[in-house]
Structures are given as structure tokens and as C-alpha cells.
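Peer 1: Can you keep this structure in mind? I'll have questions shortly.
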Amino acid sequence: MLNLFVKGGPIMWPLLLTSIITLAVIIERLIFLAIEKRKRHREVVQKVLLSIEHGDVPTAIKLATENKDVVAHILAEGLQHPDSMTNAILNAANQELRRFARGLSVLDTAITLAPLLGLLGTVTGLIRAFSFMGAQELAATSAITGGIAEALIATAFGLSIAIMALIPFNYLNSKLEVTRHEIEDATTQLELMLVRKRLFLRGD
């Protein structure tokens, strides 16, 4: 394996750095999702909304603030700032979604960058091989094949990194979208309940 890496040429070092960063981000994001999954308590969110529906705002705030569920936390921010509820919800939601989106830009960059670095290794390897061929040196046969091997190894390594990053990238994106939809559903229900409650009190 080390021999293949050496044969890949100088471009293998930035490829190796890209692969290490990519792997570190993937591991960190998977740990983050596992921790967040343990914090999720969807039944608490339903209890908060049910308390609001029954007009028991203090209980709703208590339930939401005592729980670490991401959606409950956003509802708590809205309930604790009734005069600017929409802004409070938007700010809290954006903060939480940024936590879920952290690292996605790195994976996106790796998916694009790794194949390009591999292609660069291909070009430099072929240039080296053809330079020996142009010299018409019979003794340079090993150098020619080495240059072609460098091209193929760099390309394969770059594509492997991109494939390794693509699947987690799509998975993390899907989790981000699921969380976004859950936040939107819960906050919309909260706002509609409060609007209905105000209309009822006004007698409209």
C-alpha cells in the first residue's frame, strides 16, 4: 500500500491530506448525529403543543426549557419572547440548523477537489511518461510505465476519496432536511395555535 502511495507521485500528499480531513469530518458528524438522536424526545414537543392548545403557556415553557430536544428548544425561544416570537424562532432555528450543517461544505469541497487533484496527478504522470518516450530511451521503459502508473494511482485515489465523501454527504444532507421540516412543522403549529387563541379571546 505504501509502495503504491509513493508511486502515485507528489500529488498524493494533498490527496492524503484531503482524505484525512474528510474522514475526520465524517466521524465527527456521525458522532454529532448519534448524540442529537439521544437528545430527541418528539413526545415532549407534542406535549408542549398540547399545553399551548389548552392555554397553559407556563407549562409549555417549562416542558420546552427543561428538555434538550432541538425542536423543543426552538419552541421555548419563541414562547419566552412573545413580543418578537417570529424573530426569536427564526434566530433559534438558524442557529440549530447551522449546527447540523457544519462540515457539509468541507465534504462538498472534498467531493469536487479530490477528483481534480487525481486528474492533476494523471496529467503530471502522463507528462513524465511521454517525456521519456520522446527521448526514445529503451532503458526508460520502467520510467514510462511508472509515469502511467502514477497517473492511474492518483486518479483512483482521488475518485475513492470523492466516493467516500459522497455517501455521508448525502446522508447528512438528508438529516438536515428532516430536522428542518420538523422545525418548520412544529413552529407553524405553534404560531397557528397562538393566532387562534388570540382570535378566540378577542371574540372574532
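Peer 1: Using a basic spin-label model with each label point 7 Å from the Cα along Cα→Cβ, how many nm lie between L104 and I163?
Peer 2: Each label point lies 7 Å from its Cα, and together they span 2.5 nm.
Peer 1: Additional query: Taking 0.36 nm per residue of separation and subtracting the Cα-Cα distance, what length does fully extending L23 through T188 add?
Peer 2: Extra length from L23 to T188 when fully extended: 55.7 nm.
Peer 1: Okay, moving on. Could you put R180, R128 in order, starting from the residue whose Cβ has the fewest other Cβ atoms within 10 Å?
Peer 2: Neighbour counts put them in this order, fewest first: R180, R128.
Peer 1: Given the Cα-Cα distance of L30 and R180 and 0.36 nm per residue of separation, how much length would full extension add, in nm?
Peer 2: The span from L30 to R180 would gain 52.2 nm if fully extended.
Peer 1: Let me ask something additional. Can you list the residues of the stretch 52-84 with backbone N under 19 Å from a point 7 Å past the Cα of N94, pointing along Cα to Cβ?
Peer 2: 71, 73-84
Taken together, the values in this text are just the output of simple stated rules run on the coordinates, not laboratory data. As the structure is a prediction and not an experimental result, all values here were calculated from the model. We place every Cβ from the backbone using ideal geometry, glycine too, and count neighbours over all the protein chains shown.
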